[in-house]
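Engineer: Input: one structure, supplied below.
The values are calculated or read from the model by the stated rules, or taken from the named source; none is laboratory data. The model shown is predicted, which means the values in this text are computed figures rather than measured ones. As a convention, Cβ positions derive from the backbone with ideal geometry for all residues, glycine included, and neighbour counts pool all protein chains shown.
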């Protein structure tokens, strides 16, 4: 009910399901291990420091 789209992006996973966050240098290994276990892997984005005044979640 009448929730702003930006608030929805900030709060909900928008149907992504499980997310695994790993250090960039471990991403290839983690993806390979997940694929070997039968999972489908998608790289969703990056975790970055937020600048003053910047939105908490940025959806492109």
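Engineer: Would you please list the contacts, defined by Cβ atoms under 7 Å and residues six or more apart or on different chains, that run from a residue in the range 26-44 that is on the phi < 0 side of the Ramachandran plot and in a loop (DSSP other than H, G, I, E, B) to a residue that is at pLDDT below 95 and exposed (fewer than 10 other Cβ atoms within 10 Å of the Cβ)?
Structural biologist: 44/16; 44/19
Engineer: Can you confirm whether residue 53 is assigned to a loop (DSSP other than H, G, I, E, B), more than 12 Å from the chain's Cα centre (by Cα) and exposed (fewer than 10 other Cβ atoms within 10 Å of the Cβ)?
Structural biologist: yes
Engineer: Please give the number of the condition residue 9 fails out of (1) outside any loop (DSSP other than H, G, I, E, B); (2) within 13 Å of the chain's Cα centre (by Cα); (3) surrounded by fewer than 11 Cβ atoms within 10 Å (Cβ to Cβ).
Structural biologist: Unmet condition: (3).
Engineer: Sticking with this one: Which condition number in (1) exposed (fewer than 10 other Cβ atoms within 10 Å of the Cβ); (2) at pLDDT below 90; (3) out of contact with any helix residue (DSSP H, G or I) (no Cβ under 7 Å at 6 or more places or on another chain) is the one that residue 24 fails?
Structural biologist: Going through (1) exposed (fewer than 10 other Cβ atoms within 10 Å of the Cβ); (2) at pLDDT below 90; (3) out of contact with any helix residue (DSSP H, G or I) (no Cβ under 7 Å at 6 or more places or on another chain) one by one, residue 24 breaks only (2).
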